[in-house]
Amino acid sequence: MPVYWDDEPQPSRQSRAARQRGPRHGRGRQAAAAVVVLIMVAISVRLALIALVEAPAAPGAITLVPRPSETLAPAPVAEAEAAPSEAPSQATVFPSPTVPLRTFRLAVEQALYDAFLRPLEALDRAHEDVIVLPYAPGATPEDLLTQRLADGVVFWTIDPLAYGIPLAEIPYALVTHPQNERDGFSQSQLGAIVDGLDETYTFVVPGDDRLVRAFLGRDHWSLRVVRVGAWAEAVSYVASHAEAMAVVPWEEVDQRVRLVAVDGRRADPTDTVSYPFCHRIWLLESSAMLMPDAALGDLQRELAYETSPSVRLVAVGDLMLGGYCGEQMAEKGVLYPFGDPALSALLADADIALGNLASPISERGELMEGLTVYRADPMAAQALAEVGFDLMSVANEHVPAFGGEALLDTLDALRETGIEPAGAGVNRDEAYAPVVIERNGLQVAFLAFSEVGPDVLAATADAAGVAWLHDSRALRAVAEASRRADLVVVSCHWGELHASEVTEAQVAAAEALLGAGADLIIGHHSHTVQAISYGEQGVVAYSLGDLVYHPWSSTSSADGVALVATLGGGGVRAVELVPFRVEECRPRLLQDEAADVVLGRASALPTPSGGP
């Protein structure tokens, strides 16, 4: 709501039309006197505007800068005709003034005026009762209003205000090089970095660094700060220097850099309340005159910040819901593995939740020789749906291990609960077909491929099976999906069991998939957390470990991460890893040092260990 800076009564927004009264016609001397007063007021207003623009600013005052095309000369006013002397009793009719009694003077801070030049000029042209002028800040907006130099002021600040009309809130993000293992920084730690007291990192700022200085409360920088040109150059510098970091607009963040938290909070364009790095634009109005409703509506629409559409994807690794874990679910309830409240909230808050199902949901078929697989209870599919899963990769050696009938039973069981299976089907065409899910105006295509197990598991032209990774159809399917959808996510069951490093074969396959059009690749099968690669073409999480699995003798095989990715029209915008440990088939989110150990396994770029 508007702020009032003097003791004048507050006019209601509903009564604005009443204040904009038209001319009155009168008779006799009172009418003539009234018209003369009106003309004098109109001329006084125009002269005041001329004085406002042309007079030099006093020290500490704010200077309004007219546009070159702006003309502030008084509008011509027709003179009243004299009453005939032979008919003194008849009233003289005066023409109406041709200018409004008041023009709303909107002062816009110079940087904002430059940034929104076209919409502000359009606003000025569209509304005769509004004049828009830039100002060079030499005093506060409050001073501008109390000195009656303007009726309204548009300005920016980094702080939320308890008064005024908010026009826009634009989040800025702290980004680091992908190899940086830290999950976040406090504002005081960032202050030490920019002051040169902590030389571990290099802070990067753009040429116009006013916002960053305001965010960090600094009037100047130390010699440790690196200056570049535009925001995009700051992102490129961070992406190519392991020790670098920067604060950049949310829209500039891409998969080449890592989004980290500030005081425990990451940038989120959907939730800017109390977020420290936010560029806020406000309108303050005086009590003497409020901005006309129509003009205010146009101003709010033109300056409103609308982030590009995004989708929040939460992906996890293997879910083995049979065997020992199936026994635990039968004894303690089908939702037993998902009892951690933090994990449940993570899945529930996702726009799309994805996992890799490692158990067939069927009682039919016989287990193929050489495979060790456990069936899941039919209620397992309902449990997955209840905790929020939207999609399951079934391209692995587990789901088809009991034959085609059991595979198709599993697909049906998932679909009956609203979960889409990816990577398998009644034949080859269905197995390689993408699952396209639309969220928030974006279409995301999902494909799943496997390289684990005997070739007989692969779908054929007339037999059910899974989509095979090392088949030319895989790359063709990715390329076709990239033409059809806004983003492509590929799930890969690959690599070596219990390996901490990725293989050369995995790296080569990932590069081929990215080249075909994949934006994000999510891996599993090793039962360990492996490295994540951030590149120009996309992001590859080589293995997320397990989410639900029977106990392992190795601690590293009991750990996993949930990948939380923000997907935009241009690809992966941000990636966050949430670490957990699986104990008795039940994942528990980790904190502090235990979390850092798990995250450390995924922080570095992959180092190939040699392929099979």
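The values are calculated or read from the model by the stated rules, or taken from the named source; none is laboratory data. If you're wondering where the values come from, they're calculated on a predicted model, not measured in any experiment. Every residue, glycine as well, gets a Cβ built from its backbone with ideal geometry; the counts of neighbours run over all protein chains shown.
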Hey, does the range 336-349 have a residue that's in contact with an Asp or Glu (Cβ under 8 Å, 6 or more places away or on another chain), in contact (Cβ under 8 Å) with a residue 40 or more places away in the chain and of a type in the set (A, V, I, L, M)?
-> no
Can D349 be described as over 17 Å from H550 (Cα atoms), in contact with a Gly (Cβ under 9 Å, 6 or more places away or on another chain), at pLDDT 95 or above and not small (G, A, S)?
-> no
Taking the options L149, L190, name whichever one is out of contact with any Lys or Arg (no Cβ under 6 Å at 6 or more places or on another chain), modelled with pLDDT of 95 or more and crowded, with 18+ Cβ neighbours inside 10 Å.
-> L190
Can you tell me which residues in the range 473-509 are surrounded by 24 or more Cβ atoms within 10 Å (Cβ to Cβ) and within 25 Å of M320 (Cα to Cα)?
-> V489, V490, S491, C492, H493, W494, G495, V502, Q506
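Where in the range 94-184 are there strands (runs of 3 or more DSSP E), lying wholly inside it, with at least 1 residues that are more than 29 Å from the chain's Cα centre (by Cα) and farther than 30 Å from Y201 by Cβ? Full working, then the answer.
On the way: elements: 104-109, 130-136, 152-157, 165-176.
Correct list: 104-109, 130-136, 152-157.
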Can you find even one residue in the range 418-430 that is assigned to a loop (DSSP other than H, G, I, E, B), under 18 Å from V490 (Cβ atoms) and either of a type in the set (S, T, Y) or at pLDDT 95 or above (or both)?
-> yes
Of the conditions (1) surrounded by 21 or more Cβ atoms within 10 Å (Cβ to Cβ); (2) among the hydroxyl-bearing types (S, T, Y); (3) under 30 Å from Q187 (Cα atoms), T307 fails just one. Which one is it?
-> (1)
Within the bounds of the range 313-327, is there any residue that is of a type in the set (D, E, K, R) and either assigned by TED's automatic domain parsing to the domain that holds R581 or in a loop (DSSP other than H, G, I, E, B) (or both)?
-> yes
What are the residues in the range 534-555 that are part of a strand (DSSP E or B) and either surrounded by fewer than 24 Cβ atoms within 10 Å (Cβ to Cβ) or of a type in the set (V, I, T) (or both), if any?
-> Y534, V539, V540, V548
Inside the range 185-201, can you point out the residues that are part of a loop (DSSP other than H, G, I, E, B) and without any contact (Cβ under 8 Å) to a residue 24 or more places away in the chain?
-> L197, D198
Criterion violated by A358 - all others in (1) surrounded by fewer than 24 Cβ atoms within 10 Å (Cβ to Cβ); (2) touching an Asp or Glu at 6+ places or on another chain (Cβ under 6 Å); (3) of a type outside the set (S, T, N, Q) satisfied | (1)
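For the range 265-315, which positions are among the β-branched types (V, I, T) and touching a helix residue (DSSP H, G or I) at 6+ places or on another chain (Cβ under 7 Å)?
I281, T307, V314
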Looking only at the range 215-230, decide whether some residue is under 25 Å from the mean Cα position of the chain (by Cα) and among the polar types (S, T, N, Q).
-> no
Can you name the condition, by its number, that M368 falls short on among (1) part of a loop (DSSP other than H, G, I, E, B); (2) under 35 Å from the mean Cα position of the chain (by Cα)?
-> (2)
Counting only residues that are in a loop (DSSP other than H, G, I, E, B) and either surrounded by fewer than 21 Cβ atoms within 10 Å (Cβ to Cβ) or in contact (Cβ under 8 Å) with a residue 60 or more places away in the chain (or both), how many does the range 444-468 have?
-> 9
Are any of the residues in the range 202-217 part of a loop (DSSP other than H, G, I, E, B), farther than 14 Å from T176 by Cβ, in contact with an Asp or Glu (Cβ under 9 Å, 6 or more places away or on another chain) and among the basic types (K, R)?
-> no
Identity of the residue in the range 570-587, at pLDDT below 90 and of a type in the set (D, E, K, R), that ends up surrounded by the fewest Cβ atoms within 10 Å (Cβ to Cβ) = E576
Output the number of residues of the range 476-502 satisfying the condition of being in contact with a helix residue (DSSP H, G or I) (Cβ under 8 Å, 6 or more places away or on another chain) and not in a helix (DSSP H, G or I).
-> 7
How many residues does the range 344-355 hold that are in contact with a helix residue (DSSP H, G or I) (Cβ under 9 Å, 6 or more places away or on another chain) and either crowded, with 18+ Cβ neighbours inside 10 Å or part of a loop (DSSP other than H, G, I, E, B) (or both)?
-> 3
With the condition kept exactly as written, say whether any residue in the range 602-612 is under 23 Å from A350 (Cβ atoms) and modelled with pLDDT of 85 or more.
-> no
Checked L567, L563, L599, L590 against criteria (in contact with a Pro (Cβ under 7 Å, 6 or more places away or on another chain), modelled with pLDDT of 90 or more and not assigned by TED's automatic domain parsing to the domain that holds G184); the one match is L590
